[in-house]
Amino acid sequence: MTIPRLELTACVIGVRLVKSVKESLKLPMDWNPRISTKFFTDSMICCYWIKQEKLKFEQTETGSFEIKL
(Lines give C-alpha, C1' and ligand atoms only; values in the text may rest on other atoms or scores of the structure.)
Protein backbone atom coordinates (compact mmCIF):
# COMPACT_ATOMS: atom_id res chain seq x y z
CA MET A 1 0.00 0.00 0.00
CA THR A 2 1.10 3.54 -0.65
CA ILE A 3 1.79 6.00 2.17
CA PRO A 4 -1.32 8.13 1.43
CA ARG A 5 -3.47 4.99 1.45
CA LEU A 6 -1.99 3.95 4.81
CA GLU A 7 -2.71 7.43 6.18
CA LEU A 8 -6.32 7.16 5.02
CA THR A 9 -6.58 3.72 6.61
CA ALA A 10 -5.32 5.22 9.89
CA CYS A 11 -8.03 7.89 9.69
CA VAL A 12 -10.72 5.26 9.13
CA ILE A 13 -9.43 3.09 11.98
CA GLY A 14 -9.46 6.10 14.31
CA VAL A 15 -13.08 6.91 13.46
CA ARG A 16 -14.15 3.29 13.90
CA LEU A 17 -12.34 3.06 17.23
CA VAL A 18 -14.05 6.14 18.63
CA LYS A 19 -17.43 4.91 17.39
CA SER A 20 -16.84 1.54 19.06
CA VAL A 21 -15.79 3.13 22.35
CA LYS A 22 -18.83 5.42 22.38
CA GLU A 23 -21.12 2.44 21.75
CA SER A 24 -19.48 0.32 24.46
CA LEU A 25 -19.83 3.10 27.04
CA LYS A 26 -23.62 2.94 26.60
CA LEU A 27 -24.10 6.57 27.49
CA PRO A 28 -27.64 7.90 27.88
CA MET A 29 -29.17 9.21 24.65
CA ASP A 30 -29.46 12.74 26.05
CA TRP A 31 -25.65 12.88 26.28
CA ASN A 32 -25.06 12.47 22.53
CA PRO A 33 -25.66 16.14 21.61
CA ARG A 34 -23.26 17.24 24.35
CA ILE A 35 -20.37 15.00 23.29
CA SER A 36 -18.37 16.25 20.32
CA THR A 37 -15.61 14.30 18.65
CA LYS A 38 -12.88 15.82 16.50
CA PHE A 39 -10.29 14.10 14.37
CA PHE A 40 -7.18 15.78 13.03
CA THR A 41 -4.77 14.86 10.27
CA ASP A 42 -2.00 16.75 8.55
CA SER A 43 -2.23 14.67 5.39
CA MET A 44 -3.61 16.87 2.63
CA ILE A 45 -4.24 13.80 0.44
CA CYS A 46 -6.37 12.17 3.12
CA CYS A 47 -8.21 15.42 3.66
CA TYR A 48 -8.97 15.62 -0.05
CA TRP A 49 -10.20 12.03 -0.21
CA ILE A 50 -12.34 12.47 2.90
CA LYS A 51 -13.72 15.75 1.58
CA GLN A 52 -14.83 13.98 -1.58
CA GLU A 53 -17.02 11.75 0.59
CA LYS A 54 -19.16 14.79 1.54
CA LEU A 55 -18.50 14.54 5.28
CA LYS A 56 -18.83 17.46 7.64
CA PHE A 57 -15.34 18.77 7.11
CA GLU A 58 -13.75 22.06 8.12
CA GLN A 59 -10.33 23.66 7.97
CA THR A 60 -9.08 24.90 11.34
CA GLU A 61 -7.24 28.14 12.06
CA THR A 62 -3.88 26.32 12.11
CA GLY A 63 -4.37 24.99 8.59
CA SER A 64 -5.11 21.40 9.58
CA PHE A 65 -8.44 19.81 8.79
CA GLU A 66 -11.17 18.61 11.10
CA ILE A 67 -13.86 15.99 10.52
CA LYS A 68 -16.97 16.19 12.64
CA LEU A 69 -19.16 13.15 13.14
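The table below gives the values:
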read-out: Probe 1.4 Å - accessible area at E7, Å² to nearest ten; value: 70
read-out: 5 angstrom amide H check on T41, placed H, neighbours 5+ away; value: F65
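The values are calculated or read from the model by the stated rules, or taken from the named source; none is laboratory data. Please read all numbers here as calculations on a predicted model, not as lab measurements. Just so you know, the surface numbers come from the protein's heavy atoms only, side chains and all, with ligands and any DNA or RNA stripped out. Shrake-Rupley method; radii C 1.70, N 1.55, O 1.52, S 1.80 Å.
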